[in-house]
Every structure is written in C-alpha cells, then in structure tokens.
1. Across the range 105-159, which residue is surrounded by the fewest Cβ atoms within 10 Å (Cβ to Cβ) among those that are under 20 Å from Ile207 (Cα atoms) and among the aromatic types (Phe, Trp, Tyr)?
2. In the range 100-157, how many are acidic (Asp, Glu) and outside any helix (DSSP H, G or I)?
Amino acid sequence: MSSDYDAAEFIDGDFEERPSPHTAGAAGAVQLPRAPTREEVDSRVAETQQKLAELRRAQEQLERERVALEETRRRQLEFQTSRQEMLQNLTRGVDLLHEAEFAARRDAEQMSKSLVDLRDGLAKIQAIKEETWTQENFSVELTRALTAIENARMEWNTARLKFEVLTGASAETHKAPLEAERNQVPALLDCGFGKLCKLGFALSWPIAAVILFGFGFLILLGLQLRH
C-alpha cells in the first residue's frame, strides 16, 4: 500500500467550475468614454479663451517688435545716407572755405597795405599849407607839394585797380573774376626787363613832366622878378 497521498487523483475534471458565458462576455467588452459634464465643457471653453488671449497678446507683441525693427532699419538707412552726404558736403565745404579764407586773407592784407598808403598820401596832402609859403621857399615847397600829389595819385590809381569799391561800381554790374586780379602780379613778373623799363617810364614820366614844368615856371617867375 502506498504511503503518498495525491489529492488530484480524486478530482474529476468534468466537474471543474467553468466561467459563465455572460461573465466572460462582460469582462471582454471595451469601456466607452463617458460624456463630458457641463463643468468640464465650461472649463475647456475658459482654457481655450485664455489661450486665444495669450496668442493675441503674443501677436501684438510681435507686431510691435516688427514696427520697431522697421523703424530701426529706416533710421539706420537714413544714418548711412545722411552720413555719406554730409561727409561729401563738409569735405567740399572745408576745401572751398579754406581757399576762400586764404584769398580773403591775402586781399585783406593788400587792402590794409593800400589803406596805409592812402592815409599816408592823404596826410601829406593835408599837411600842405600854401599860405605859409614865402618867396624864398616857394620853389622848394611847390616841388614838394607836386611830388606829394603825384605820389598820392599813383597810390590812388593802384588801389582803384585792385579794389572795385573805389570805382563806385556795384558788385552786381561788375563781377570781374578774382582770378584776373590774382594774375596781375604774375603777369608783370612774366614780363621782360625791357617791358618793365617801358612800364616804369610810362608811370614816371608824368611826375617828371610836372617837375620840369614847375622848374620852368619858377625860372620864368624869377626872371620876371629880376626885371
């Protein structure tokens, strides 16, 4: 007789409990989602509206940034264009004003020198006192006076050639180029020695003629006084 006991030997498989068809069908069915409640729908609507508001704010912010960038680009273009324009204008203006300043300074120096010469000539003519002449110094004083007058006339004619304001002509009717006045001295320098001598003679012969006339007048006056 065996000493081991096996309980499975006394179990009949036909009598084992089997699952009910209704129970098996219920367990294998798919669970369908339930319908949302009103509270859930209201919550979803509120979330959607909030997201739309955030999107609108983001769009407005991007629009402001776009406008700011467009303004920045316009200002940068204006800056580059204006800088280039002003660089050209200022460079040209500096060069032109430098040349004009140099010419004006040179003209001012010449005008100052002519002013000194004219004042000197005016003082010498004003210093002539004809009433103080006597029979003894008449010849000397007359020669001195004529010489002062002729020197003053030469200074006056030279100044008139240099400065149009002395001729009484308006700047509108006489617009002589400055280059013509500037080239007067170089033109004289280009002349030869013979031409310069002729020019000097042409300028000095009136003085010599006046002096000779004065001496002749004095000689005639002396002869008449002797008789």
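1. Ranking the qualifying residues of the range 105-159, first place goes to Phe138.
2. The qualifying residues number 1.
Conditions (1) basic (Lys, Arg); (2) under 26 Å from Leu218 (Cβ atoms); (3) touching a residue at least 24 places away in the same chain (Cβ under 8 Å); (4) assigned by TED's automatic domain parsing to the domain that holds Ile207, marked per residue:
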| site | (1), (2), (3), (4) |
| --- | --- |
| Arg105 | yes, no, no, no |
| Leu115 | no, no, no, no |
| Leu122 | no, no, yes, no |
| Trp133 | no, yes, no, yes |
| Glu136 | no, yes, no, yes |
| Val140 | no, yes, no, yes |
| Ile149 | no, yes, yes, yes |
| Ala152 | no, yes, yes, yes |
| Arg160 | yes, no, no, yes |
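The values are calculated or read from the model by the stated rules, or taken from the named source; none is laboratory data. What you see is a predicted model; the values in this text were computed from it and never measured. Cβ atoms come from the backbone with ideal geometry, glycine included; neighbour counts cover every protein chain shown.
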